[in-house]
Amino acid sequence: MPWRKVDIVDLRREFVTLAQTETLPMRELCRRFGISPKTGYKWLGRHARGGADALADHSRRPHASPTRTVADLEARVVALRDQHPRWGGRTLHARLLTLGVRDVPSPSTITDILRRHGRLDPATSAARRVPQRFEHPVPNALWQLDFLGHQPLGRGRVHPLCVLDDHARYAVGLFACANERIATVQPLLARCFQTYGLPDAIRADNAPPWGVPQTGGALTRLGAWLVRLDIQVWHGRPHHPQTQGKVERFHQTVTAEVLRAGGYPDLARCQAALDAWRPVYNHERPHQALGLATPASRYQPSPRAFPATLPEIVYAPDDTVRHVHGAGQIGFGGRVLYISEALCGEPVALRPTTTDGVYDLYYCRQYLRSIDLTHPADDAVD
């Protein structure tokens, strides 16, 4: 992902943040960001000497002033709230501390300031409740991804694609898509993999392009590609969006802070708005589910690099291997069984279970389903 002029400072900041985790060798991280090691070390050095401000091409004035009066500080709180209308007292408090502002008021005082200046909706405040939190223990153990739902543009519609790390709530991808087709999604996921490495698993819903609703989330061509990359594909329970609660909550934040502003004439302008907002969410916006830390403070890139070619499929010697033919079927146990048209030409493995006549079906390391030869097969093809 070569650095682009329009977001060069944000990319430098992201590079420095990921480099500081020391998860990857410097040369590998520079390769993922499309820069030379010399350039990478230069920006690490500048950041070490001058912090985030040193990453800009020109010097910036400091955010904080030691002579600020109480009125000035209150104005600063209101201005930050106006810049981020969805941030509450605790979030604003944490962000002001990060910016080095002196004598930051307590979160409750900031809430009072917002209320005095008419920045709080009493009905919204009363409706807030404390959610229950679940998360994977390390970054890249699971990414959640989903389309937000199409939104109107001046010309056409946009289908925002959100890719979120489950542990850190780090937005590894946020794309303004023209549609939800595999041909659109796959190159965008490849860009994420090239920069951040491969996750262990991905969770998506059962709808295309991730799954096939009528077959309970069977592999699509996109899912098969992910499995070939040694990424487990998990599907949320049908009609239970809470199984993808983090990305669903992220949808609300994107809608409130970016999409609700509206007025985007086309995909390019919408993408520019998403590109400008993603670094704020990852690096600046304190996240209450993370104890008011930022997602960037909890994220590190995956050591599993995106391969230039798909790895070879290898099964155990005791596996029964069948190739899926043109109709998406295999022959096994005297039956013709439908597997998936997405796997046409690919080898699948059948492994006996502890129950006589019952086999587990796998594609690479991905479990697909069980096949019971002792009962009439619902998926048998005459």
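Summary of values
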quantity	calculated
Selection within the range 333-377 - closer than 26 Å to PRO311 by Cα and hydrophobic (A, V, I, L, M, F, W, C)	ILE339, ALA342, LEU343, CYS344, VAL348, ALA349, LEU350, LEU361, CYS364, LEU368
Scope the range 188-215; condition part of a strand (DSSP E or B) and at pLDDT 95 or above; matching residues	none
From the options GLY331, GLY326, GLY345, residue that is surrounded by 12 or more Cβ atoms within 10 Å (Cβ to Cβ) and either in a loop (DSSP other than H, G, I, E, B) or not assigned by TED's automatic domain parsing to the domain that holds ARG12 (or both)	GLY331
Among the candidates SER65, SER36, residue that is exposed (fewer than 15 other Cβ atoms within 10 Å of the Cβ) and modelled with pLDDT under 85	SER65
Some residue of the range 260-271 being at pLDDT below 95, touching an Asp or Glu at 6+ places or on another chain (Cβ under 8 Å) and either among the hydroxyl-bearing types (Ser, Thr, Tyr) or exposed (fewer than 14 other Cβ atoms within 10 Å of the Cβ) (or both)	no
Within the range 295-313, tally of residues that are touching a residue at least 60 places away in the same chain (Cβ under 8 Å) and either in a loop (DSSP other than H, G, I, E, B) or of a type in the set (Lys, Arg) (or both)	13
Residue check, THR255 of a type in the set (S, T, N, Q), touching a residue at least 24 places away in the same chain (Cβ under 8 Å) and within 30 Å of HIS375 (Cα to Cα)	no
Test: residue in the range 87-99 that is modelled with pLDDT under 80 and outside the structural domain of THR294 (by TED's automatic domain parsing)	no
Which numbered condition ALA256 fails, given (1) surrounded by 15 or more Cβ atoms within 10 Å (Cβ to Cβ); (2) small (Gly, Ala, Ser); (3) not in a loop (DSSP other than H, G, I, E, B)	(1)
From VAL172, VAL185, VAL158, residue being in a helix (DSSP H, G or I) and crowded, with 20+ Cβ neighbours inside 10 Å	VAL185
Residue pairs meeting the criteria (Cβ under 8 Å; at least 6 apart or on separate chains; first at negative phi, in the range 167-184; second among the acidic types (Asp, Glu) and surrounded by fewer than 23 Cβ atoms within 10 Å (Cβ to Cβ))	HIS167/GLU135; LEU174/ASP275
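The rows are residues; the columns are (1) modelled with pLDDT of 90 or more; (2) under 14 Å from ARG228 (Cβ atoms); (3) touching a His at 6+ places or on another chain (Cβ under 6 Å).
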{"residue": "PRO317", "(1), (2), (3)": "yes, no, no"}
{"residue": "VAL321", "(1), (2), (3)": "yes, no, no"}
{"residue": "GLY326", "(1), (2), (3)": "no, no, no"}
{"residue": "PHE332", "(1), (2), (3)": "yes, no, no"}
{"residue": "SER340", "(1), (2), (3)": "no, yes, no"}
{"residue": "VAL348", "(1), (2), (3)": "yes, yes, no"}
{"residue": "PRO352", "(1), (2), (3)": "yes, no, no"}
{"residue": "ASP356", "(1), (2), (3)": "yes, no, no"}
{"residue": "LEU361", "(1), (2), (3)": "yes, no, no"}
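The values are calculated or read from the model by the stated rules, or taken from the named source; none is laboratory data. Keep in mind that this is a model prediction, so the values were computed, not measured. All Cβ positions, glycine included, derive from the backbone under ideal geometry; neighbour counts span all protein chains shown.
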